1. First measure r as the distance between the Cβ atoms of I186 and L53, then evaluate 1/(1 + (r/R0)^6) with R0 = 22 Å and state the FRET efficiency to the nearest 0.05.
2. At 222 nm, what helix-only mean residue ellipticity would the chain give, in deg cm²/dmol to the nearest 500, using -39500 (n - 2.57) for each DSSP H run of four or more?
3. Rounded to the nearest 20 Debye, what is the dipole magnitude of segment 1-157 about its Cα centre when Lys and Arg each give +1 and Asp and Glu each give -1 at the C-beta?
4. If you take the charge dipole of the chain about its Cα centre, with +1 on Lys and Arg Cβ and -1 on Asp and Glu Cβ, which of L42, I52, L32 is farthest toward its positive end?
5. Between K37 and F136, what is the spin-label point distance in nm, taking each point 7 Å from the Cα along the Cα→C-beta axis?
6. Can you send over the carbon and sulfur percentage of the accessible area for segment 90-149, probe radius 1.4 Å, protein chains only?
7. Rounded to whole Å, give me the distance from the Cα center of segment 21-97 to that of segment 114-133.
8. Using a 1.4 Å probe, what is the accessible area per residue for the chain, in Å²?
Amino acid sequence: MFKNYINIGFNVESIIYIFGFLIGLIFLIYFLRLNWKKYGILFILSALVGNILCYIFVKLNFYSFPYVLFPKILVMPLTTITLTFPIMVLLAVRYSPDHWGWKIPFYSTIVHVGMFWETWALTNTRIIEYNFKWDFWDSYTWWWIFFLLFEWIGGSIIPNNFRKPINIEFLKFGKLGWAIIHFILIVTVFLGGYYLGSF
């Protein structure tokens, strides 16, 4: 009887959900070992906000998740969302540069990589489907809102001695960090333009 409630098979969607959950769990353990109270609070807050926003958008029929692991119980991949977006928040808060002039390219890279994978999932899997009045730019905007909100919240919760900001020297012109950021931004802007031009 339980098999009617679980949707695990040898398909890309199940593999992505399980892989995302396991990687998220490993990172969560790492952050809780650093400071279980501070990072735990930030994790819980970002997980709550992320899941509530996602649930609201699903209920408004902005987008949907055609394939979930527990189709009779959940309308969205609750465990995977709980252990992916909040972990990205924790990583971003811990390693974001000190100065806002450098935070913008740092967060641009995170948002563009996230949107790349969301668009890939949209076009190649049954994980997500855009519905009523929702498109690429809506997702892009909300990625920015979510991460900038938690950069501010995380900056208030996580003390400096438990953060490890990227050295801005690494991000300056000619350095490896500069090359990585520009490579990601150029490639994802090109692919985003290609995707938008295809529809």
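1. 0.15
2. Using -39500 (n - 2.57) per qualifying helix, the result is -23500 deg cm²/dmol.
3. My answer is approximately 460 debye.
4. Value computed over the given set: L32.
5. Once both label points are built, they end up 4.6 nm from each other.
6. Carbon with sulfur: 67 percent of the solvent-accessible area.
7. After rounding, the separation between the Cα centres reads 17 Å.
8. Accessible area per residue, the chain: 59 Å².
The values are calculated or read from the model by the stated rules, or taken from the named source; none is laboratory data. Because the structure is a prediction, the values reported are computed rather than measured. Ideal geometry is used to build each Cβ from the backbone, glycine not excepted, and the neighbour counts take in all protein chains shown. Heads up: the accessible areas ignore ligands, DNA and RNA and are worked out on the full protein's heavy atoms, side chains in. Shrake-Rupley method; radii C 1.70, N 1.55, O 1.52, S 1.80 Å.
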